[in-house]
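Reading through the structure tokens given below for one structure.
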Amino acid sequence: MKPFDTSGMLENNDELESVLRDYFQQEMPPELLEIPEVSDEEYEKRFMQMPRPDISSPDRFEKRQHRQFTISLLIVGLCVCLMIGFSVSRFLKTDHVPVVNNSINQLKPNQPTENASDSKNLESAESVAVIDQGDTPLEVSDQKNVHESIDLTLYNTEHGPIEQRTEISWTNITFQNHKTGTNMEMSMPELTIDFVPVSKARLSLINEEENGNEQ
Amino acid sequence: MPNKQAHEWSAEIEAVYLREGREIWALLYAQCSDSDRAYDALQEAFVRLQNQEVKSIRNIRAWVLTVAQNWLRDVARRQNHAARSADFLDNIVGQNSDPLDDLNKKERNSQIRQSLRQLRDEDREVLVLRYALGWSSKRMSVALGTSTSAIDMRLSRARKRLCEELQKVGIDHETV
């Protein structure tokens, strides 16, 4: 091989190594070339005595470790946030949403009642959301005022202060279909909004109290 | 007494330079792929070390390496990467030899330098330690804190990537 012939350089490792050694010999400053190299054993012995964790750039490894720590911290934080969010959403759902059993949504008051007077057939064997008012007897039991909520709001109007009373009552109804033997429960809300003048309400209260005293 | 202390400090710095200079230069070269710049960083770090207090530095080698690496980063930020004097220095090296040889050498060094710059720092590191310092795999494994087989694997991959880069710049098995 000629001194600067690169033919075969990439096919043979020895050729490549020879070229690289030659290259680095030229690259290295002459002053450093003159420094004698220690043996492997001596280097290893000296290396063990030195208080250093690693030869290669220490900051690179510190950065890598720091990056890994940051990423893991972010992942853990994300998981915790997701868990808290999930728990809170579940908690809110169970607290504020009234429980409606089974296929209550199939009973819509606004649905057309063209066949309401006749006996209705079940659309399928599992469908229990049809109220049969004809041949098939249904046992209906209800229990009112399961849950009640009252909201008071005061408005100032031209005719004086008016109090708005909002009342929600839930009625649980249980249907039993003798034919299918299935029970179905449903909760029906009843919303009542009253507007009462405050002065009138007071008067009526006073009147009631007076009547009570008389008695 | 202070003079004696300063004299001891200078002697220790010189010993560190003789003991670690080549290795630190090789690591700096692996970082910047520029012989002169790596050497400047090494000199700069040792000059700064001379002005340091004796007891303020526990590990001289680590301190020098860190200072030199920071200096390299500062220079890289300030200077334009395109401005480089290595080609000019390549011409100076071979002034007394055959002009054709100098031209070939210059061209080949330029191609190898360009290819080395395309490699990752880890690849350059093992190549420099092996071919610039002539370290064995065992010694490199001690220094890099890994096994000999891992070093051989890294070297093999680094050589392979270097070959790919060399092919890109025009060196292949058909080049005469």
**OP:** For segment A:81-98, name all the residues that are open to solvent by less than 70 Å² (accessible area, probe 1.4 Å) and either modelled with pLDDT of 90 or more or over 30 Å from A:S169 (Cα atoms) (or both).
**Re:** A:G85
**OP:** Would you be able to say whether some residue in segment B:106-119 is free of Cβ contacts under 8 Å to residues at least 40 places away in the same chain and not charged (D, E, K, R)?
**Re:** yes
**OP:** Inspect segment B:39-46 for any residue being outside any helix (DSSP H, G or I), under 14 Å from the mean Cα position of the chain (by Cα) and surrounded by 15 or more Cβ atoms within 10 Å (Cβ to Cβ) and give the result as yes or no.
**Re:** no
Original post:
Scanning segment A:12-41 for residues that are of a type in the set (A, V, I, L, M) and part of a helix (DSSP H, G or I), which turns out nearest to B:L27 (Cα to Cα)?
Top reply: A:L32
**OP:** Residues being more than 8 Å from chain A (Cβ to nearest Cβ) and either among the hydrophobic types (A, V, I, L, M, F, W, C) or part of a helix (DSSP H, G or I) (or both): count how many of those fall in segment B:136-150.
**Re:** 6
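Evaluate the following for B:V93: is it open to solvent by 60 Å² or more (accessible area, probe 1.4 Å), in contact with a helix residue (DSSP H, G or I) (Cβ under 7 Å, 6 or more places away or on another chain), modelled with pLDDT under 90 and not acidic (D, E)?
Details: open to solvent by 60 Å² or more (accessible area, probe 1.4 Å): yes; in contact with a helix residue (DSSP H, G or I) (Cβ under 7 Å, 6 or more places away or on another chain): yes; modelled with pLDDT under 90: yes; not acidic (D, E): yes.
Considered against the rule, which asks whether it is open to solvent by 60 Å² or more (accessible area, probe 1.4 Å), in contact with a helix residue (DSSP H, G or I) (Cβ under 7 Å, 6 or more places away or on another chain), modelled with pLDDT under 90 and not acidic (D, E), B:V93 comes out as yes.
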Subject >> Checking B:A150 against (1) open to solvent by 20 Å² or more (accessible area, probe 1.4 Å); (2) under 17 Å from A:L16 (Cα atoms), the condition it does not meet >> reply: (2)
Subject >> Among (1) more than 10 Å from chain A (Cβ to nearest Cβ); (2) in contact (Cβ under 8 Å) with a residue 24 or more places away in the chain, the one test that B:L133 misses >> reply: (1)
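The values are calculated or read from the model by the stated rules, or taken from the named source; none is laboratory data. In this text, all values refer to a predicted model and were calculated from it rather than measured experimentally. Using ideal geometry, Cβ is built from the backbone for each residue, glycine included, and neighbour counts are taken over all protein chains shown. These area figures cover heavy atoms from the full protein model, side chains too; ligands, DNA and RNA do not enter into them. Shrake-Rupley method; radii C 1.70, N 1.55, O 1.52, S 1.80 Å.
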